[in-house]
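Input: a single structure, listed below in structure tokens.
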Amino acid sequence: MDELALIHDAQHGDLDAFNRLVLAYQDALYNTALRILGDDSLAADATQEAFISAFRGLNGYRGGSFKAWLLRTVTNACYDELRRQKRRPSVPLEPSNDDDEEIESPRWLADGAMSPEERFEADELEHAIQHCLEDLPTDFRTVVVLADIQGLDYSEVAVAAHVPLGTIKSRLARARLRLRECLQGFGELLPSAFRLERESP
């Protein structure tokens with residue numbers, strides 16, 4: 001994919017070019033929204049709003065990491081949704097189906113090659129991470145999702161979160177410490193799948 005060419009064409013109104021960019025990044029945006037909001041339908045709505053906003057504001061893109069620029073739009077959409085929910089009951093991070101029953105094996109963990117034991121361990125790890133993410137303030141949760149789950153480096157997280165680089169480093173350090181303390185209670189689940197100690201490239 002020639003990303004720069006697609007961006008250029010999309011900036012000049014080429015919907016096909018923009019749709020190719022959407023296909024390339026929709027999973028990253030949706031997964032980010034899901035981790036921040038903790039609800040499938042809200043994450044889907046935020047992702048859609050983010051792409052609409054991105055298309056309308058595409059001429060404002062001035063280079064750099066396009067992924068980080070897009071993740072900023074979905075982060076903004078998530079924050080808008082969280083502000084709307086301030087007067088509503090909080091939304092649990094555990095995934096649920098249309099009947100509001102908790103899903104035992106969320107679809108993002110589906111892997112046909114997993115043994116029942118591996119699936120159980122994956123489910124347990126997912127619940128542990130979601131539980132500990134839920135305990136974080138939204139600003140902390142956002143930077144952890146962008147850095148440790150989406151794999152952005154510090155400067156890209158700063159772009160996506162629209163926060164100065166120094167603030168990103170401080171929030172990440174504090175968020176990782178709190179996550180580490182929370183996850184200590186889940187023992188052997190952590191080391192093989194979620195690296196809190198990973199340094200940004």
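Of all residues in region 7-49, which are assigned to a loop (DSSP other than H, G, I, E, B) and more than 30 Å from GLN85 (Cα to Cα)?
Step one: of region 7-49, the residues assigned to a loop (DSSP other than H, G, I, E, B) are 12-14, 38-39.
HIS12, GLY13, ASP14, listed by residue number.
Mind telling me which of the residues LEU4, LEU29, LEU37 ends up being surrounded by fewer than 15 Cβ atoms within 10 Å (Cβ to Cβ) and on the phi < 0 side of the Ramachandran plot? Before you say what the answer is, go through the steps one by one.
Details: LEU29 fails: surrounded by fewer than 15 Cβ atoms within 10 Å (Cβ to Cβ); LEU37 fails: surrounded by fewer than 15 Cβ atoms within 10 Å (Cβ to Cβ).
None of the others qualify; the one that does is LEU4.
Of the residues in region 1-45, how many are of a type in the set (Phe, Trp, Tyr) and within 14 Å of the chain's Cα centre (by Cα)? It would help to see each step written out before you state the result.
Initial filter on region 1-45 (of a type in the set (Phe, Trp, Tyr)): 18, 25, 30.
With the extra rule that they be within 14 Å of the chain's Cα centre (by Cα), the set shrinks to 25, 30.
Selection size over region 1-45: 2.
Do we find a residue being among the hydroxyl-bearing types (Ser, Thr, Tyr) and touching a Ser or Thr at 6+ places or on another chain (Cβ under 9 Å) anywhere in region 52-63?
Of region 52-63, the ones among the hydroxyl-bearing types (Ser, Thr, Tyr) are 53, 61.
Narrowing the set further to residues that are touching a Ser or Thr at 6+ places or on another chain (Cβ under 9 Å) leaves 53.
Scanning region 52-63, I find at least one residue that is among the hydroxyl-bearing types (Ser, Thr, Tyr) and touching a Ser or Thr at 6+ places or on another chain (Cβ under 9 Å), so the answer is yes.
FYI, it's all coordinate maths here, none of it is from the lab. A quick note: this is a predicted structure, and the numbers were derived from the prediction, not measured. Please note: Cβ atoms are built from the backbone with ideal geometry, for glycine as well, and neighbour counts cover all protein chains shown.
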